[in-house]
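What follows draws every value from the coordinates through simple rules; no lab data is involved. Here the structure is a predicted model, which is why all the values come from computation and not from measurement. Virtual Cβ from ideal backbone geometry, glycine too; neighbours counted across all protein chains shown.
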Amino acid sequence: MNRKVRVRFAPSPTGPLHIGGVRTALYNYLFARRHGGDMILRIEDTDSHRFVPGAEAYINEALAWLGIKIDEGVKEGGAYGPYKQSERRDIYREHVKMLLDAGKAYIAFDTPEELEAARAAKPNFQYDASTRMSMRNSLSLPAREVEKLIADGTPYVVRFLIEPGRDVEVNDLLRGKVVINSSILDDKVLYKSADDLPTYHLANIVDDHLMEVSHVIRGEEWLPSAPLHYLLYEAFDWSDTRPEFVHLPLLLKPDGKGKLSKRDGDRLGFPVFPLEWHDPASGAVSTGYRESGYLPEAVINFLALLGWNPGDDSEIMSMDELIEKFSFDHCSRSGAKFAFDKGRWFNHEYLQKMDDAELAELFIPVLKDHGVDTDKFSKEYITRVVSLVKNRINFVADLWDQARFFFVAPTGYSEKDIKKRWKEDTPEIMAELIEQLKALPSFEASEAEPVILAWVADKGYHLGNVMNAFRLTLVGECKGPHIFDITELIGRDETIARIERGINAIKA
Ligand code: GLU
């Protein structure tokens, strides 16, 4: 069957989108784009008890930040809308009626207490062929009574009538065929009269069918629902256009077995949400990749490789390259360990690829946060600084630690480095160094360096001690880029002022 590729990402707005959900959205997007198909964003909000305000806006913002573009959805519109399930009640009501009329579903009146009692009376109670005739439903009660209960407004649910003893063959593009016997399934609730809303299963199937979804790509946690979904397609007589199914492997804890959880992120120090999330009920704030300084391209690249590989050893890939290479042939069936340090590595790599001037632009707010009056420094100056230290950073915010001394003189000096490098004769040598620096015709690194090195050699000084003491006065500790790059940038006056301050402040 050759049909247009149409995929959907179908989150429930029950909280912030988890990073695993982002990966599901990404794989849907890559597959759709790879095949010139459509990407639908459907909001599955039929569980009114779990609705969380702000969650839908969060999903939109996160996908937009990551560059996952939606073709059809609540905001985008489209020919198959509405794209929010709570706005599709009429459609579901009509489809529930279709199943009832065809005898594929039935109405059940059991109260929560009655269901509780049934469960208490029978271990492993399941509402199915073996028990349904002893419950209160339209199969066990006389038709007149059913009509009366409905007319009286008694709350009811509609259950799917599962025929026992049938083998259901489910196909998954990653896992192949799995046969399960229908006897293990219960008569799932498809609709609840109390809120006039369908359950996930019915709404999900009906919408996938009506929206002409060709591939259902979702997390492994939905695999157990697949046989039921197959039976629903059959009950509606839609098996011929049933989508293909792909259940993506779980994201696992970075350091062990089991599913990745928010607690792992808190414990090991990485975000599990794309954007910061403010819980409307508790007020608790959870960190996001965006606010932690990740670039969206790095997050995308990192996530793409959690459960898929390009079939060669490419690692750094843009969205377009990912689209070009993506296929389920190279998706893994087993869970992917969430190696968050690899995420940091990707961020480092993407920062290296970024234009220095662009990176400087991102550094300016960080400088301001640290009280630097950035108007005092030219754009060229900040750009030069960035070019000198960027290979040492994983995040934009790291630039401060690596480059603060280009903007503010040190206020203290590392004890450890003093012990190691500041000898009794150091103040004298530093005073001589000042004279050398004053006499330099040019302060450019390429001209200053050979002159100073020749002076050190001439005097027979220990090069390491002299240079490190020099560095200590400039930086406050023995780290940073090439020393003559620092002096060239901060300039002669500032260099000499810092050495003088060092001579006065540092005591061996
Ligand atoms: N609403 C479900 C979820 O929150 C959708 C599962 C599916 O893609 O079928 O993940």
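So here's what we get for this one:
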read-out	value
Computed FRET value (nearest 0.05) for Gln352 with Glu94, which takes r as the C-beta separation and R₀ as 45 Å	0.20
Full-stretch length increase - Asp425, Thr131 - with 0.36 nm per residue and alpha-carbon distance subtracted	96.4 nm
Point-to-point label distance, Glu324-Asp493, nm (Cα→Cβ direction, 7 Å offset)	5.2 nm
By average C-beta atoms within 10 angstrom, highest first, the peptides 24-34, 67-77	24-34, 67-77
Cα-centred dipole magnitude for the chain, charges only on beta-carbon of K, R (+1) and D, E (-1), debye, nearest 20	1040 debye
For Phe9, distant residues with modelled amide H under 5 Å away	Ile40, Leu41, Arg42
For peptides 429-438, 101-110, 309-318, 243-252, sequence by mean Cβ density within 10 Å, most packed first	243-252, 101-110, 429-438, 309-318
Separation of the Trp345 and Trp65 label points, Cα + 7 Å toward Cβ, nm	2.5 nm
Label-point separation, Asp240 to Asp101 (7 Å along Cα→Cβ), nm	2.0 nm
Fully extended contour minus Cα-Cα distance, from Arg34 to Glu169, at 0.36 nm per residue	45.8 nm
Calculated FRET efficiency for the pair Glu212/Glu113, C-beta based, R₀ 60 Å, to 0.05	0.90
Whole-number percent relative contact order across the range 164-281, with pairs defined as alpha carbons under 8 Å at least 6 apart	22 percent
Burial ordering of Thr287, Thr426, Thr241, fewest other beta-carbon atoms within 10 Å first	Thr241, Thr287, Thr426
Paramagnetic reach from Lys438 (point 7 Å along Cα→Cβ, amide N under 18 Å) across the range 470-508	491-504
Neighbour cut-off at most 11 other Cβ (10 Å), DSSP loop, trypsin sites (Lys or Arg not before Pro), the range 467-508	Lys507
DSSP-defined beta bridges in the range 207-349 - what % are antiparallel, rounded to 5	35 percent
Per-residue HN-Hα couplings for the range 457-467 [Karplus 6.51, -1.76, 1.60; θ = phi - 60°; Hz; x = Gly/Pro]	5, 4, 7, x, 6, 7, 4, x, 5, 5, 5
Linear extension gain, Ala505 paired with Val178, 0.36 nm per residue minus alpha-carbon span	110.2 nm
5 angstrom amide H check on Gly219, placed H, neighbours 5+ away	Leu248
